[in-house]
Structures are given as structure tokens and as C-alpha cells.
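Worksheet for the structure shown next.
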Amino acid sequence: MKIGIYFTTSKLQGGVHQYSLAILEAIDKIKGNDYVIFDITGDTPRKYHSQDNFKIIPLNTSTKNIIFRIKNVTSNLVSRALLGLFSNLYKTKWQWIINLPYKTAHASKISIIDNENLDIVIYPTSSNLSFLTKTKSIVAIHDLAHKTHPDFKEVSANGKWEAREYSYSKIAKKTKKILVSSNLNRQDVIKYYQAKPEQVVILPYLPPSYLSLNIPKITQKKILEKYKINKPFVYYPAKFWPHKNHLNLIKAIHKLRKDNFNIQLILTGSKNAEYSTYPKVVKYIDKHNLSKQIKYLGYVDAKEISALYKQAEALVMPTFFGTTNIPTLEAWKMETPIITSNIRGCRDQLGDAGLLVNPRMVDSIAEKIKEVVENAKLKKDLAHKGKKRLAHWTENDFSQTIKNMITEIIK
């Protein structure tokens, strides 16, 4: 078989990028096939560039083909302009008009994908190309937050709600299989888009393979010294989207200080997010003189992330979105206790392998942080439960699910 992978993520995109990498690693284990990677960002791992059964086709602005570069830039500009039309067109009988400019905008990519004569294209993230091309597709839908949390602008404002509705409804009608990370995701896709039950496949996330549980203690110590991190500290790796709820976590750290309980909070992840809360976070830190307790490190490498997890008292993730969060898997792998939100999805993923808080209540977050830091037995118990929960789903399970899916579609 000849299988395509539409690889759109960059290293800065966190969990979705790790999911895309996991799919690449999984199909690499399925022997006897040829693979074509359509590389949008240039962040496809180098090893696939030298393997005989992998072909890389760059579809980004760095490609040397000047004509394609012009078409690609034009396509992106048209796509952005279309967002403004969605809120007006989507709710009318004229929404079918949207297809024409989208096909025109992405004509060069559609042509490149269809001309490869592939049996299937796998889209690790949702893409309109999955229903604009002729080739059979497998498409991942990572969340339906615009349905469950439309009050957050990053998933609903400026035509995003309508754009998601358009995309997901088309995907449900055309694609052969839809990948979701949990049973709750599956229920939602079937409910909202009338997808057939056999069409929706649960493919849970894996913890990133780059994390190392056995990082030497001397290396851990040097990394903490490099960033002037003092123990005890808690850790939160997340982009500064509003739904990640950084501000309430920082307010919890502030409350603990006022209660004479001093602990550092270490933050990593990109501050360049739509509707980023980073300016508000900086303003609050400056106003309350918290710069020694709150440290934002930006982007850090794999070794440093491993050390932060290993030395942290807990991962604290007061997010407003479920249903599956990759930092939970990372913490379980690194035997780090977890504090996360008592909301639909998060509590289902967590089970008994962590502590739950009300993400809207600063006191609730502060209370659980103090509880974990002061209770060594609890920390050990949570780490053990997380390790057991993680063992329920392995890399072999992940690869076998993809293999079975591909085989079923071809048959």
C-alpha cells in the first residue's frame, strides 16, 4: 500500500505535535508499505528523510519552488479572509459557496496529494484537505471545545466556531475513519455530527517518547541551577491560551505565600497564543512582586522537561478543556503527582491517579498544592497509580489499532 501523512505540526505545538509524531512512529513499524509525508512545517524528524520507504514532499514556504511558494502564501491569505465570511454564510442556505473558494485557495495542495495516487491519507490533525481531495482519508478530531466551551474566544471568535462546524461536519460525511482520543470524544462526534459508530475509532494519546525517566541526578541538578529554580516547586507546561487558566494558578501561588507557604511555580510553553493571557500574567506577577516565585522559561528542550517533571512536587494543570490532556500522560510517565481540573473529560482521564480541583476557585487549587507538598505518602501513592493507569495503553496497542484500521479500509 501507498499511504500519505499530512504532517502540519511544529515543535512548538505541544500535544498535537507529539500525537503526529506517535502516528509516524506507529506506521514506521508497519512493514511492507510506502509512505509519503506532506511536510507543512519542516519539522518532520530527520530519520524519515533517509528511509527508502518514506518520501518527503515539502508544502511550506521554505520550498525552493517559487511558484508553489506564491500559491501557498496566497492560499493562506485566502483561508484567513474566509474566516470572516463564515459567521454570515454558515447559517444561511448559501454555505455551499464556501467550498469553491476553499478549493481554489488550496488547488496546488489538492493536486499534489491526489497526483500521488495514494490508497489513504492520514491527517493527524483536522484538515479541510481531507474532504477536498479525492483520496480516502483518516482524520483526527482532537476536541469539540467550540461546542462544549463556546465562551472561549480561541475556539469560537471571528468565525472560528463556524469554521470548525463546517470542517467537522464535512469530515464526518466523507472520511473513512475519524480518530478520537477517548470514549467521551467518540460520543460527542457521533452526537454532534451524526458520524456512524463504526466510523469513529478511539486512538488514545501516548506519552512522548522523548521524556527520560532515568535522567542522571547530576544533570537534573545542573538544569535547576541553570534556571535558578529552588525546591519545592510545581510545574505547568502550557501555551498561554485563556482556557489553560494560568492566572488562577498564579493567584493560588500568591495565596499560599500570604499563608506563609512558599513554593515556586515553573511555567514552560509558548506565550504566543491567540488571545494570549501572558500580558495579564506578567502584570499580576509585577503588581504582587511574585517574580522570585513564578518563573517562565519559554521553550525548553526534552532533557530539561524531563528534569522539571522529575524534580517537581506535582504537575498542576487547572485547564478548562478536556477530554484528554497529554501533560497528564507525561506526568504519569515521569512518576510525578498530578493536580488537574474536576471537569468532564479530565476526571475521566485521571481516574484515581491524581487530585481534582475546581479550576475557577483559587482556594481549591492552593489547598491541593499544599496537600501534595506536605504528604510524601500521597505523592508516592499517586505516582504508583499513574504508572499503573499508563500501562493500560501501550505503543504496540497504538500501532496495532492503526494497522487494523488501514487494513479494514483497503479491504
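Once backbone amide H atoms are built at 1.01 Å from N, residue 273 has 240 as its partners under 5 Å, excluding neighbours fewer than 5 places away on the same chain.
Taken one residue at a time, the phi angles of the stretch 117-131 give Karplus couplings (6.51, -1.76, 1.60, θ = phi - 60°) of 6, 8, 6, 8, 10, 9, 10, x, 10, 4, 8, 5, 4, 4, 10 Hz. Gly and Pro are set to x. Per residue of the chain, the DSSP helices (runs of n ≥ 4 H) give a summed -39500 (n - 2.57) that works out to -14000 deg cm²/dmol at 222 nm.
For residue 317, the residues whose amide H sits under 5 Å from its own are 339, 340, ignoring neighbours fewer than 5 places away on the same chain, with H placed 1.01 Å from N. Extension gain, residue 31 to residue 287: 0.36 nm times the residue separation minus the Cα-Cα distance gives 86.4 nm.
With a threshold of 19 Å on the Cα-Cα distance, the over-threshold entries among 11/292; 221/283; 103/134; 303/380 are 11/292; 221/283; 303/380.
A crude spin-label estimate for the pair residue 134 and residue 231, with each label 7 Å from Cα along the Cβ direction, gives 6.2 nm. Nearest 10 degrees is fine. How inclined is helix 160-174 to the longest principal axis of the chain, computing both from alpha carbons? Roughly 50 degrees, rounded to the nearest 10. Packing, taken as the mean count of other beta carbons within 10 Å per residue, orders the peptides 368-376, 20-28, 322-330 from highest to lowest as 322-330, 20-28, 368-376. Listed values for the stretch 20-36 are Karplus-derived 3J(HN,Hα) couplings in whole Hz (6.51 cos²θ - 1.76 cosθ + 1.60, θ = phi - 60°), namely 4, 5, 4, 5, 4, 5, 5, 6, 4, 7, 8, 7, x, 10, 9, 10, 10, and x replaces Gly and Pro. Give me the accessible area per residue for the chain, probe 1.4 Å, as a whole number in Å². I get 47 Å² per residue for this part.
In order along the stretch 202-208, the Karplus-derived 3J(HN,Hα) couplings, from 6.51 cos²θ - 1.76 cosθ + 1.60 at θ = phi - 60°, round to 7, 10, x, 5, 10, x, x Hz, and Gly and Pro are given as x. For residue 388, list the aspartates and glutamates whose Cα falls under 18 Å from its own Cα; do not include residues on the same chain fewer than 8 positions away. Residue 388 reaches 330, 335, 348, 352, 397.
Summarising the amide proton neighbourhood of residue 212: residues at separation of 5 or more, or on other chains, whose placed amide H is nearer than 5 Å comprise 306.
Loop only per DSSP, at most 12 neighbouring Cβ atoms within 10 Å: give me the chymotrypsin sites (Phe, Trp or Tyr not before Pro) in the stretch 289-327, ordered by residue number. Filter output for the stretch 289-327: 299. Using a Förster distance of 56 angstrom, determine the FRET efficiency expected from the C-beta separation of residue 52 and residue 262, and round it to 0.05. My answer for the efficiency is 0.50. The angle between the Cα long axis of helix 246-258 and the main principal axis of the chain comes to about 0°, on a 0 to 90 degree scale. Return one number: the angle in degrees, 0 to 90 and rounded to the nearest 10, between the long axis of the Cα atoms of helix 183-193 and the longest principal axis of the Cα atoms of the chain. Rounded to the nearest ten degrees, it is 40.
The values are calculated or read from the model by the stated rules, or taken from the named source; none is laboratory data. These figures come from a predicted structure and were not determined experimentally. For neighbour counting, all protein chains shown are included, and Cβ atoms are generated from backbone atoms with ideal geometry for every residue, glycine included. To get the accessible areas, we keep the full protein, side chains included, count just its heavy atoms, and leave off ligands, DNA and RNA. Shrake-Rupley method; radii C 1.70, N 1.55, O 1.52, S 1.80 Å.
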